[in-house]
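A.B. asks: The structure under discussion is supplied below as structure tokens; questions concerning it will follow.
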Amino acid sequence: MKHLLKLMDLSKEEILEILNLGDQLKYEQKHGIAHHRLEGKTLGMVFEKASTRTRVSFEVGMFQLGGHALFLSSKELQIGRGEAVEDTARVLSRYCDGVMIRTFAQKEVEDFARCASIPVINGLTDFAHPCQVLADLMTVREYKGHLEGLKLCFIGDGNNMANSMIVGGLKVGMRVSAACPAGYRPSPTVLEFAQSMVKSGAKFELLSDPLEAAKDADVVVTDVWASMGQEQQAEQRRRDFKGYCVDQAMMQLAHPDAIVQHCLPAHKGEEITEEVFEAHAPEIFEETENRLHAQKAVMVRLMAQ
């Protein structure tokens, strides 16, 4: 494991190793046990998209690991004035021990990693959100005790979260269903991957009926209908996603002890009702906290050398 660009690049064993290390680091942090595994190390954090959870969790995580994080806005870097991604990667490789980049195109992260001589972490692209899904899987395992055989249901836009949830869920042996409106399906690359997993015995279904997808689910996951950069489509998307709100009627079709995951921010009353959100707030905000621990595990795996 040289970089974390997308979950498709990782084996089941590598994912579970990250989750196990995340559990250990969380235990140590909760019990006041110092774990300065990255003492003297520096993480460059390149942001082309706004962030709350990604920036704070990576910055705090590096501090707790004994290292230092640098916030690098694309508006302030030369990359924002036209410097090639490849050149920025080679420059930061001379200064930092690792880079996290949060941007739009997956190709930009892939190109950055290809030219960097240090580990690169995908903090989010329009294609994938691997750090978030590692935190989700960590949370599901905390609540359910295991991952293998559980049914994971994703409701909503076939976006970066859907892509990464499908891949991550199938990789660790979960049964995965996804319900997306016509025109909002997950990436063809992800669907091709899912079908290859099905041929090996995995369970996956892509549906248009969210109620059917939610039947017997152990975990129900949703995300906003209009992500960053899609604000002008918001009204059209509200019409197209009618019926895709995770509400009490939908949750009654899931297992009685089903948990809900939402990567936040939430638009309550759109993709999820306030009633369901507040009923499942404990696991949603545990999921938020686990961004810190899962990402610390990723950084240790990549940078503690």
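A.B. asks: Tell me which residues, restricted to the stretch 199-217, are in a helix (DSSP H, G or I), surrounded by 14 or more Cβ atoms within 10 Å (Cβ to Cβ) and in contact with a Ser or Thr (Cβ under 9 Å, 6 or more places away or on another chain).
C.D. replies: ALA213, ALA214, listed by residue number.
A.B. asks: Within the stretch 228-236, is there a residue that is in the same structural domain as GLY168 (by TED's automatic domain parsing) and crowded, with 22+ Cβ neighbours inside 10 Å?
C.D. replies: no
A.B. asks: From the list THR54, THR88, which one is buried (at least 18 other Cβ atoms within 10 Å of the Cβ) and under 27 Å from ALA266 (Cβ atoms)?
C.D. replies: THR54
A.B. asks: Continuing with this model, one more query. Considering only residues that are among the hydroxyl-bearing types (Ser, Thr, Tyr) and not in a loop (DSSP other than H, G, I, E, B), which ones fall in the stretch 80-119?
C.D. replies: The answer is THR88, SER93, TYR95.
A.B. asks: Quick one: count up the residues across the stretch 104-119 that are out of contact with any helix residue (DSSP H, G or I) (no Cβ under 6 Å at 6 or more places or on another chain) and either modelled with pLDDT of 95 or more or not assigned by TED's automatic domain parsing to the domain that holds ALA294 (or both).
C.D. replies: So the count comes out to 7.
A.B. asks: I would also like to ask the following. If SER196 meets every condition in (1) surrounded by fewer than 24 Cβ atoms within 10 Å (Cβ to Cβ); (2) small (Gly, Ala, Ser); (3) under 18 Å from the mean Cα position of the chain (by Cα); (4) assigned to a helix (DSSP H, G or I) apart from one, which number is that one?
C.D. replies: Every condition holds for SER196 apart from (3).
A.B. asks: Considering (1) more than 17 Å from the chain's Cα centre (by Cα); (2) within 14 Å of LEU7 (Cβ to Cβ); (3) hydrophobic (A, V, I, L, M, F, W, C), say which one CYS115 fails and leave the rest.
C.D. replies: (2)
A.B. asks: I'd like to verify a number: residues in the stretch 219-269 that are assigned to a loop (DSSP other than H, G, I, E, B) and farther than 20 Å from ALA182 by Cα, how many?
C.D. replies: 16
A.B. asks: A further question follows. With (1) without any contact (Cβ under 8 Å) to a residue 24 or more places away in the chain; (2) within 21 Å of ALA182 (Cβ to Cβ); (3) charged (D, E, K, R) as the list, and GLU278 as the residue in question, which single condition is left unmet?
C.D. replies: Answer for GLU278: the failing condition is (2).
A.B. asks: Might you check whether a residue that is in a helix (DSSP H, G or I) and either crowded, with 21+ Cβ neighbours inside 10 Å or touching a residue at least 24 places away in the same chain (Cβ under 8 Å) (or both) occurs anywhere in the stretch 62-72?
C.D. replies: yes
A.B. asks: If the requirement is being closer than 30 Å to LYS2 by Cα, touching a Ser or Thr at 6+ places or on another chain (Cβ under 6 Å) and at pLDDT 95 or above, which of these qualifies: ARG301, ARG291?
C.D. replies: ARG291
The values are calculated or read from the model by the stated rules, or taken from the named source; none is laboratory data. None of these values were measured; they are calculated from a predicted model. For neighbour counting, all protein chains shown are included, and Cβ atoms are generated from backbone atoms with ideal geometry for every residue, glycine included.
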